[in-house]
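Heads up, the thing below is written out as structure tokens.
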Amino acid sequence: MNDVDSDVIVLGAGFAGLAAAQRLRSAGCRVLLLEARDRVGGRVMPGELAGRTIDLGGQWVGVGHERLSMLAGEAGRPLLPQYTEGQKLLAAGGRQRRYRGLIPPVSPGALLGMGWALWRLRRLQQRVSAAAPWTAADAEQLDACTVAQWRNRNLPTAGGRALFDVATRAVFCVEPDQLSMLAFLHYLAANGSVEALTSTTDGAQAATVDGGMHALARHLAEPLQAQLRLSTPVQAVDQDAEGVSVRADGVTYRARRLIVAMAPALSGRIAMQGISAAREQLAQRMPMGSVIKCQIAYERPFWREQGLSGEYVGSSAVFSPVFDNSPADGSCGALVGFIDGTEAVRWSGQAEARRCAVIDSLVAAFGAQAAEPLDYVDQDWIADPWSRGCYTGVPTPGTLSRLGPALREPCGAVHWAGTETAEAWCGYIEGALNSGERAAAEVLEAMA
Ligand SMILES: Cc1cc2nc3c(=O)[nH]c(=O)nc-3n(C[C@H](O)[C@H](O)[C@H](O)COP(=O)(O)OP(=O)(O)OC[C@H]3O[C@@H](n4cnc5c(N)ncnc54)[C@H](O)[C@@H]3O)c2cc1C
């Protein structure tokens, strides 16, 4: 057994852990960063499609993601605006229609109902704080109501409900009856609005990073080479009066403080001593969403020739939403999209069958030219043992109001980071950076 002494150990080299380690190192701390995978970046992961580097995980920089934009600037990686020229496609109620802008081509009744529901949501989200949603006056009541129940009461038409469900799945990767209104409103408060979360221009899908998001994880990790141990899955954490002992594959590492920088569903798999009952329970009641991200390359972006932007939403499609992901140099065409919620659970573990289902979906949306891709790649995040689902941990109804404070409340010498703990932009890379910096500041204060 080896003993390695540090001031602080950080578990997890995703953006949260990297940001925390970086901040602590700059403050002169001896830091050790332990990562289970053989790479940094966590839920941000590089892949290859038609000979080009792509993002199999987190990809877009949203409007207001200031830390991430700054990081891209520091790394010398320009932001590339998401391609949005042309018309979008909406398949709903057995018909496919083209449209522009934010207003979908649905019946006047459905449109009126959706306008009313969005107005109600904007009003409701003002009652919920992004940093501490459990402090809302009616937090328990909102947490006891599922999004499905609220949608049934507030959206009168079947068409409006179906579109609302598509948006909920696309953002949370769970079904509307698996999500509470408090968790839903918290996400809106932390990230703007339903419109911002689902939009390209002016929203969460505004731009990509030249060379891929993973380049920014590598940039953050560069100065941390001496502190970083890859392929080091941590199994146990013990605490005593001096600090923490962290066990990974037979090696014990010692430090005064520990930052656990990962989703609660992952931290709950580590045998941890000295953890509060609330945090223990929270880790069991915040499962990951279900998503498979799929990318398809074509010889050229043929949909642009038809006046289409590549953006597609289908209320009953396996593969939806879809966006244009073609390289800026126009060397080929590419589409990116998601299988989410229950559909992702259904298609997980069926690589060949889901490839066919995705291509069939694209043929239905964009026509016969979609049948002959140059290349196809997907990432089943449910099957990934170090994520167990994505994009983020989603508290089950009744959890956030009762156990929410345990997200960030330190347990002895153990502090918590990860996008799920962020006080703003939670669920996003921006939130991961924000959480890592907050946890590092917390540790520095505790050790002063
Ligand atoms: C398909 C997909 C699309 C997304 N799209 C976007 C997007 O466009 N824009 C955006 O901003 N966000 C997006 N996200 C979300 C974004 O990627 C995450 O919010 C962010 O990367 C989370 O970072 P983190 O550091 O909090 O957690 P993680 O990245 O999960 O990092 C946690 C780390 O801990 C490690 N770990 C786990 N268990 C152990 C253990 N026992 N021992 C040691 N290490 C361990 C993991 O391997 C991992 O590296 C997307 C995510 C996915 C999967």
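Distance between the pseudo-spin-label points of residue 276 and residue 368 (7 Å out from Cα toward the beta carbon): 6.3 nm. Taking other C-beta atoms within 10 angstrom as a stand-in for reagent exposure, 33, 49 fall in the order 49, 33, fewest first. Distance between the modelled labels on residue 247 and residue 153, one decimal in nanometres: 4.9 nm (7 Å Cα→Cβ projection). Taking N as the residue count of region 107-197, its C-alpha radius of gyration divided by 2.2 N^0.38 Å amounts to 1.01. Computed over the chain with a Gaussian network model linking Cα atoms closer than 10 Å, the most mobile of 101, 389, 212 is 101. Here the spin labels are modelled as points 7 Å beyond Cα on the Cα-Cβ line, and at residue 409 and residue 177 they lie 3.3 nm apart. Using just its DSSP H runs of length 4 or more, each adding -39500 (n - 2.57), the chain gives a mean residue ellipticity at 222 nm of -10000 deg cm²/dmol after division by all residues. Subtracting the Cα-Cα distance of residue 87 and residue 231 from 0.36 nm times their residue separation leaves 47.3 nm of extension gain. Once the C-beta distance of residue 218 and residue 423 is scaled by a Förster radius of 41 Å, the resulting FRET efficiency is 0.95 to the nearest 0.05. In region 107-197, a dipole from Cβ-located charges (positive for Lys and Arg, negative for Asp and Glu) runs towards its positive end, and of 156, 107, 129 it is 107 whose Cα lies farthest in that direction. What translational D, rounded to a whole number of µm²/s, comes out for region 301-448 from Stokes-Einstein when the hydrodynamic radius is the Kirkwood one over Cα pairs, at 25 °C and 0.890 mPa s? Result for D is 133 µm²/s. Across the chain, the longest piece that holds none of the GluC sites (Glu not before Pro) lying in DSSP loops with up to 16 other C-beta atoms within 10 Å covers 86-241. Footprinting exposure proxy ranking of 202, 324, fewest other C-beta atoms within 10 angstrom first, gives 202, 324.
On the beta carbon distance between residue 305 and residue 95, with R0 = 25 Å, the FRET formula returns roughly 0.65. For region 233-309, the residue among 290, 258, 268 whose Cα projects farthest onto the positive side of the dipole built from Cβ charges is 290.
Between 143, 384, 360, the Gaussian network model of the chain with springs among Cα atoms under 10 angstrom shows the greatest mean-square fluctuation at 384. Placing +1 on each Lys and Arg Cβ and -1 on each Asp and Glu Cβ, with no other charges, gives region 70-149 a dipole about its Cα centre of roughly 520 debye.
Considering the chain as a Gaussian network with a 10 Å cut-off on Cα pairs, which listed residue, 350, 87, 178, attains the greatest mean-square fluctuation? Per the Cα network of the chain with a 10 Å cutoff, 350 tops the list.
Counting only Cβ charges, +1 for Lys and Arg and -1 for Asp and Glu, the dipole size of region 107-197 around its Cα centre is about 280 debye. In order along region 238-246, the phi-based Karplus estimate (6.51 cos²θ - 1.76 cosθ + 1.60, θ = phi - 60°) of 3J(HN,Hα) comes to 10, 10, 9, 4, 7, x, 10, 10, 10 Hz; Gly and Pro are listed as x.
Across region 107-197, C-alpha contacts under 8 Å between residues 6 or more apart give a mean separation that, scaled by the residue count, equals a relative contact order of 39 percent. Relative to its Kirkwood radius, the Cα radius of gyration of the chain gives an Rg/Rh of 0.97.
Relative contact order for the chain: 25 percent, from Cα pairs under 8 Å spaced at least 6 residues apart, divided by residue count. When a/c reaches 1.5 or more, the comparison of a/b and b/c decides; with that in mind, is region 56-160 rounded, prolate or oblate per its Cα gyration tensor? Taking the square roots of the gyration eigenvalues as a ≥ b ≥ c, region 56-160 is oblate. By the gyration tensor of its Cα atoms, with a ≥ b ≥ c the square roots of the eigenvalues, what is the shape of region 195-284: rounded for a/c under 1.5, prolate for a/b over b/c, or oblate? Note, shape of region 195-284 comes out oblate. Given +1 at the Cβ of Lys and Arg, -1 at the Cβ of Asp and Glu and no other charges, the dipole of region 351-448 around its Cα centre is 320 debye to the nearest 20.
Rule-based calculations on the coordinates, nothing more; no lab input. Just so you know, these numbers come straight off a predicted model, no measurement behind them. So basically every Cβ, Gly included, is an ideal-geometry build from the backbone, and we count neighbours across all protein chains shown.
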